[in-house]
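Novice: Take this structure first; my questions come after.
The values are calculated or read from the model by the stated rules, or taken from the named source; none is laboratory data. Just so it is clear, the model here is predicted, and its values are computed rather than measured. Here the Cβ positions follow ideal geometry from the backbone for every residue, glycine too, while neighbour counts run over all protein chains shown. Calculation scope for accessible area: heavy atoms of the full protein, side chains included, ligands and nucleic acids excluded. Shrake-Rupley method; radii C 1.70, N 1.55, O 1.52, S 1.80 Å.
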Amino acid sequence: MMAKPRMVVLEDTPRLGPENMAIDERLLQDVATGDLAWLGGQDHAQCDRLRSWLSVSDSPLIAVRFYTWSEPTFSLGHFQRIEQLGQAEDTREHPSLGALPWVQRKTGGGAILHDRELTYSIVVPIGIESLSFSKGHSEILYRAVHHGVAEGLRALGLDAKLSESCNCLSNASKASDPFLCFHRRTPVDVIAWDEHGADHKVLGSAQRRVKTGLLQHGSFLIEKSRAYPGLLGLEDLGGLPAPSGGGFGGKFDWGDWFQDRVLLAIAGLLGRPEDVFRLNLRERSVRI
Amino acid sequence: MTLQPENLKYLPSHEWVYAPQDGSGIATIGISAFAVAELNDLVYMALPKVGQQIEAGQEFGEVESVKAVSPMYSPVGGQIVEIHDGIVDRLETLNSDPYVQGWLIKVKISDPSQLDGLLDYAAYQKLLAQNG
């Protein structure tokens with residue numbers, strides 16, 4: 001039987017797009033070997049503490065990172081091109097979007113406007129669950145996280161569930177695909193209903209598989225962005241009971257809530273981790 | 001020997017190679033029916049350029065399906081001598097025929113002995129059964 005995994009939980013400071021993506025790519029590169037001491041940055045004591053923790057067990061390691069972006073930024077799916085922004089039906093009438101910085105993700109899917117949202121990444125090495133054999137996505141990981149978040153939203157009083165429907169892309173139709181991830185709909189996306197009965201996608205994720213592991217990125221939409229107010233976030237839907245309603249910087253800490261839901265979902269899927277190392281990367285200079 | 005699943009060699013990561021004993025040293029490479037089924041809805045694929053050198057086990061391309069990007073690995077090393085023209089715009093071909101019509105690249109094999117280390121059809125089927 002496989003040993004219980006250990007988990008590194010990273011709470012990060014807002015960063016620019018290239019740095020955010022580089023950290024996730026480095027995590028994907030190193031998680032299988034457990035060589036994550038670089039996360040300690042220039043804090044030698046922290047590096048030693050992390051190195052010591054990493055060395056006491058051979059159990060597989062999972063890294064989970066929660067982060068935001070220091071300025072509104074597009075992250076494009078791996079096969080997307082920025083030129084599509086001016087061509088796709090959902091973005092071509094918004095030329096001001098072209099002025100925003102953008103970065104390419106290693107994961108698939110559509111573009112995300114990282115503004116009033118929370119981003120997470122999960123990096124899982126080969127050998128955990130059935131990842132070593134499959135090709136393509138790990139639906140079990142998508143479903144676990146998304147189901148956990150949808151369940152939590154229902155507990156808050158929102159009407160939310162997995163989409164279980166699709167405007168699925170195909171090779172034949174990709175020219176007419178929406179540019180934005182939150183305009184696309186796949187069966188595992190989390191959708192929530194507003195006061196008027198319209199449904200909105202509030203959580204979407206995408207994955208990348210490599211020989212040594214799998215990266216899952218996801219975006220949890222809290223509020224609409226001023227740069228693209230057409231996509232509503234949770235706080236825009238109405239019907240959220242107290243203590244929510246504060247949005248970013250408000251009374252309700254969506255960051256803590258989201259972390260709890262994601263970590264609980266991973267524990268439900270892979271078993272409660274043998275040990276958890278929490279690292280706050282805020283004000284820490286990480287050398288990637 | 002013809003290009004049929006029973007005559008191919010496989011990687012555990014579901015790429016196949018067809019290397020006829022015709023003296024050409026040219027191997028044809030693709031991904032198995034199982035891989036295509038796992039990937040489900042193929043949306044994008046990136047393939048290398050002709051002339052590129054590749055090592056056995058090295059990534060030769062990427063495929064996206066249902067928002068997941070996955071690498072494809074070469075079962076053999078050598079020089080890429082042909083890319084299946086237009087296949088990236090007709091990925092549905094892989095669903096209907098991942099072998100004859102759905103091949104991806106051809107490689108001039110640098111070391112034929114690499115074929116010996118690959119799974120034959122029976123071993124690959126056993127692997128599928130074990131993990132299915």
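Novice: Solvent-accessible area per residue for the protein assembly as shown at a 1.4 Å probe radius, Å²?
Specialist: Ligands and nucleic acids excluded, the result is 43 Å² per residue.
Novice: Using a 10 Å cut-off on Cβ to Cβ distances, tally the other chain neighbours for every residue of A:101-108 and report the average as a whole number.
Specialist: Average neighbour count from other chains, rounded to a whole number: 2.
Novice: Sort A:90-103, B:2-15, A:195-208 by the packing proxy (mean of other Cβ within 10 Å over each peptide's residues), most packed first.
Specialist: A:195-208, B:2-15, A:90-103
Novice: Find, to one decimal place in angstroms, the Kirkwood hydrodynamic radius of the stretch A:37-96, where the mean of 1/r is taken over every pair of different Cα atoms and then inverted.
Specialist: 15.9
Novice: Then there's this: Could you give each residue of the stretch A:33-40 its phi-based ³J(HN,Hα) in whole Hz, using Karplus coefficients 6.51, -1.76, 1.60 with θ = phi - 60°, and x for Gly or Pro?
Specialist: So the Karplus estimates, Gly and Pro as x, are 8, x, 8, 10, 4, 4, 5, x Hz.
Novice: Consider just the alpha-carbon atoms of the stretch A:1-160 and return their Rg together with their Dmax, both in angstrom.
Specialist: Cα radius of gyration and Dmax of the stretch A:1-160 are 18.2, 55 Å respectively.
Novice: Report the extension gain between residue A:260 and residue A:22 in nm, rounded to one decimal, defined as 0.36 nm multiplied by the number of residues separating them, less their alpha carbon distance.
Specialist: 83.2 nm
Novice: Net charge near residue A:184: determine it from the other residues with C-beta under 10 Å of the C-beta of residue A:184, scoring Lys and Arg +1 and Asp and Glu -1.
Specialist: Result for the local shell: 0.
Novice: Would you mind getting me the FRET efficiency between residue A:42 and residue A:226? Use the beta-carbon distance for r and R0 = 25 Å, nearest 0.05.
Specialist: Taking R0 as 25 Å, the efficiency between residue A:42 and residue A:226 is 0.10.
Novice: Here is a follow-up. Ignoring everything except DSSP H segments at least 4 long, calculate the 222 nm mean residue ellipticity for chain A; use -39,500 (n - 2.57) per segment, divide by total residues, nearest 500.
Specialist: Result for chain A, helices only: -7000 deg cm²/dmol.
Novice: Could I ask something else about it? Given points 7 Å out from each Cα along the Cα-Cβ axis, report the residue B:49 to residue A:93 separation in nanometres with one decimal.
Specialist: 4.1
Novice: In the calculated pair distance distribution of the stretch A:68-271, what percentage of Cα-Cα distances lie above 30 Å?
Specialist: 19
Novice: Within 10 Å of each Cβ of B:35-44, how many other protein chain Cβ atoms are there on average?
Specialist: Taking all residues of B:35-44 together, the mean is 5.
Novice: Could you tell me the calculated FRET efficiency between residue A:126 and residue B:22, based on Cβ-Cβ distance and R0 = 35 angstrom, to the nearest 0.05?
Specialist: 0.45
Novice: Of the listed pairs A:4/A:211; A:161/B:126; A:211/B:9; A:161/A:224; A:4/A:224, which have alpha-carbon separations greater than 30 Å here?
Specialist: Among A:4/A:211; A:161/B:126; A:211/B:9; A:161/A:224; A:4/A:224, the Cα-Cα distance tops 30 Å for A:161/B:126; A:4/A:224.
Novice: What percent do you get for the relative contact order of chain A when only Cα pairs under 8 Å and 6+ apart count?
Specialist: 26
Novice: Using the C-alpha atoms of the protein assembly as shown, what convex hull volume per residue, in cubic angstrom, is computed?
Specialist: So the per-residue hull volume is 153 Å³.
Novice: Would you mind calculating the gained length between residue B:101 and residue B:89 on full extension (0.36 nm times residue separation, minus the Cα-Cα distance), in nm to one decimal?
Specialist: 3.0 nm
Novice: Right, next: Across the Cα atoms of chain B, what radius of gyration and what greatest pairwise Cα-Cα distance (Dmax) are found, in Å?
Specialist: 13.7, 41
Novice: Quick check: at a probe of 1.4 Å, how many percent of the accessible area of the protein assembly as shown sits on carbon and sulfur atoms?
Specialist: Accessible surface attributable to carbon and sulfur in the protein assembly as shown totals 50 percent.
Novice: Just tell me how shielded B:67-78 is by partners: mean number of partner chain Cβ atoms within 10 Å of each residue's Cβ, no decimals.
Specialist: What the average comes to for B:67-78 is 6.
Novice: Oh, and also: Just to be sure I understand: if you take the accessible area of chain A alone plus chain B alone and subtract the pair, with a 1.4 Å probe, what total do you get in Å², rounded to 100?
Specialist: Roughly 2600 Å².
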